[in-house]
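The values are calculated or read from the model by the stated rules, or taken from the named source; none is laboratory data. The structure presented is a predicted model; accordingly, all values stated were derived computationally and were not measured. Note that each Cβ is placed from the backbone with ideal geometry, even for glycine, and that neighbours are counted across all protein chains shown. To get the accessible areas, we keep the full protein, side chains included, count just its heavy atoms, and leave off ligands, DNA and RNA. Shrake-Rupley method; radii C 1.70, N 1.55, O 1.52, S 1.80 Å.
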Amino acid sequence: MLDLLLQNAHLIWRGLSVTLETSAWVIAAASVSGLFTGLALLYGPLPLRLLIRVYVDTVRGIPLLVLIFSVFYGLPAMGMQISAFVAAVLALSVFGTAHVSEVVRGAVDSIPDGQTEAAKAIGLTFYKRLRYVIFPQALARAIPPWTNTAVELVKASSLLALVSIIDLLYSTEQIAARTREPLLFYGVAAILYFSINYSLSLVGARVEKRFRYSS
Amino acid sequence: MSDEVVLIEKLEKRFGELQVLKGIDLAVKQGDVLAIIGPSGSGKTTLLRCINFLQPYDRGRVYIDGELIGYKEENGRLIKRPESTVARQRSKVGMVFQQFNLFPHMTALENVTLGLVQVKGVARAEADDIGRNWLEKVGLSDKIDSYPAELSGGQQQRVGIARAVAVEPKIVLFDEVTSALDPELVGEVLSVMKSLAENYHMTMLVVTHEMLFAKEVANRVVFMDEGVVLEDGPPAATLSDPKTDRLRSFLRRFEQIL
């Protein structure tokens, strides 16, 4: 059994690194763009708010797999030649952005109006109110749901196996079929997915603690 | 313009169907301490919030130091000023809130110095000196590094006052600042306000239900009812010898204090 594991370790590693790389890109992209769309939901001009509202609700109402297939088959059909990997990262990011928008909107919106009013009253401009008063407080509240979203995105990356990207799940499938040891290799995959996500949760909890203040 | 710090002309504000301010005229001189009294719903708080443009007004004018607040006037029409201009105008007006509204992630000193550093551009070290000094004046020299959650309501409100006055505003607005406090903590906040008036000659607009403060500290009492100013004069006149029935009946429930 150990032999079997060692023989396939490099394949598992290759799959794992694709999963890690995809997840990292998607989490980064979704966090940055979600920050802007989330703020636009709160402070943007009405047409922009409506546009993003429609985007967020649409994306959240579509099964992720449908979204992935749409990008994977849709963009080439529209004449855009992109690699399967880029298409996959794009699809997951579109999904992640919608979720992070809601995380950001919810966290910022949960800060009492009195904080904004007090910040206005001492003469802070819009940017400085966000920078010094709202964000530091919203960050502590955003981290738990943000960590949830990040964990969901790591798990969602396993759907990429369906568009033939050899991530952790797909390489596990291949090894399991070849060695006829599905239990062993899916078990390993489960442990690896869990380890990634548990680490994310730990980091999230630690960061949250650092930004929390007694209130 | 004249020597008035605050000049309010025919100020009107409505929320939907409800007209909260129905043409307020008020002139406040340097060093004036106004106690603004009246039943709830009379527009006192809205008046304060229009002065620093937390609440944009519909009609009329608010001038601070001769500068029209929140709008510029073109051919008699009011056109909203950009956010950055309004922010600069607000820095001339301090405000203390009923619910304190301290920044919970900052220490007492950081609460007081934020405006100095980020609005007035004072250097960190100098801002800390000014901040410490004000916290000392409000009796909190031992709470400089405490967070709001570690302070009592009265202490939080005194930080709120230090935060409002540290940036050297032309006037300070007090919006029912003792209403959320336990009765035994009211005195410490009122005595700080009294000292601001007597020792620093600050111009203060105080919305309050504390009739003793109105009587002993204010030099003018302004009585508002249903969105208009019904009486405006020295406390000796307004409180002891009200001219309107409205004020007379309003004061009846404070009879034992006055």
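Below, the figures for the structure above:
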quantity	calculated
Sparse-neighbourhood loop sites, chymotrypsin sites (Phe, Trp or Tyr not before Pro) in the range A:12-100 - DSSP loop, at most 11 other Cβ within 10 angstrom	none
Under 5 Å, built H, 5+ apart or other chain: amide partners of B:Val96	B:Leu173, B:Phe174, B:Asp175
Overall form of the range B:1-82 per C-alpha gyration tensor (a/c, 1.5; a/b vs b/c)	oblate
Chain B, helix-only ellipticity at 222 nm - DSSP H runs n ≥ 4, -39,500 (n - 2.57), divided by all residues, nearest 500	-10500 deg cm²/dmol
Probe 1.4 Å, accessible area per residue of the range B:118-235, Å²	41 Å²
Cross-link pairs B:Lys29/B:Lys143; B:Lys170/B:Lys215; B:Lys120/B:Lys143; A:Lys209/B:Lys44 - those with Cα-Cα distance over 32 Å	B:Lys29/B:Lys143; A:Lys209/B:Lys44
Mean shadow area of the range B:158-246 over all directions, Cα convex hull, nm²	6.5 nm²
Among A:Ala190, A:Ala88, A:Ala161, residue whose mean-square fluctuation peaks in a GNM of chain A (springs only between Cα atoms under 10 Å)	A:Ala190
Buried area at the B-A interface (accessible, heavy atoms, 1.4 Å probe, summed, Å²)	2000 Å²
The range B:121-171 and the range B:14-48: distance between their alpha carbon centers, rounded to Å	28 Å
Shielding by other protein chains, B:76-87, mean Cβ within 10 Å	2
Dimensions in Å of the protein assembly as shown - Rg and Dmax from alpha carbons	30.0, 101
DSSP-defined beta bridges in the range B:112-258 - what % are antiparallel, rounded to 5	50 percent
Alpha-carbon centroids, the range A:73-108 and the range A:109-154: separation in whole Å	25 Å
Pairwise centroid distance, computed over Cα atoms, of the range B:193-216 with the range B:101-120, Å	24 Å
HN-Hα J in Hz across the range B:81-86 - Karplus 6.51, -1.76, 1.60, θ = phi - 60°, x for Gly and Pro	7, x, 3, 5, 5, 4
Helix A:182-211 axis, angle to chain A major axis (alpha carbon atoms, nearest 10°)	20 degrees
Phi to ³J(HN,Hα) by Karplus 6.51 cos²θ - 1.76 cosθ + 1.60 over the range B:89-99, Hz, x for Gly, Pro	5, 5, 5, 8, 10, x, 9, 10, 9, 4, 8
Translational diffusion coefficient (Stokes-Einstein; Kirkwood radius from C-alpha pairs) of the range A:98-215 at 37 °C, 0.692 mPa s, in µm²/s	192 µm²/s
Farthest toward positive dipole pole in chain B [+1 Lys/Arg, -1 Asp/Glu at C-beta], among B:Leu151, B:His105, B:Gly76	B:Gly76
For the range A:1-108, the Rg and Dmax computed from alpha carbons only, in angstrom	17.5, 62
Distant alpha-carbon pairs in the range B:59-214 (separation over 21 angstrom), percent	48 percent
Prolate/oblate/rounded label for the range B:64-139 (Cα gyration tensor, a/c 1.5)	prolate
Positive-end extreme of charge dipole, the range B:43-164 - chosen from B:Ile161, B:Leu47, B:Gly115 (charges on Cβ)	B:Leu47
Size of the range B:117-183 as Cα extents on the principal axes (Å, biggest first)	38, 27, 18
Gyration tensor verdict on chain A (Cα atoms; rounded if a/c is under 1.5, prolate if a/b is larger than b/c, oblate otherwise)	oblate
DSSP beta bridges in chain B [antiparallel fraction, %, rounded to 5]	60 percent
Computed [θ] at 222 nm, deg cm²/dmol, chain A (DSSP H ≥ 4; -39,500 (n - 2.57); rounded to nearest 500)	-27500 deg cm²/dmol
Apportionment of accessible area to carbon and sulfur, the range A:1-102, percent (1.4 Å)	76 percent
Percent antiparallel among DSSP beta bridges (both partners in the protein assembly as shown, rounded to 5)	60 percent
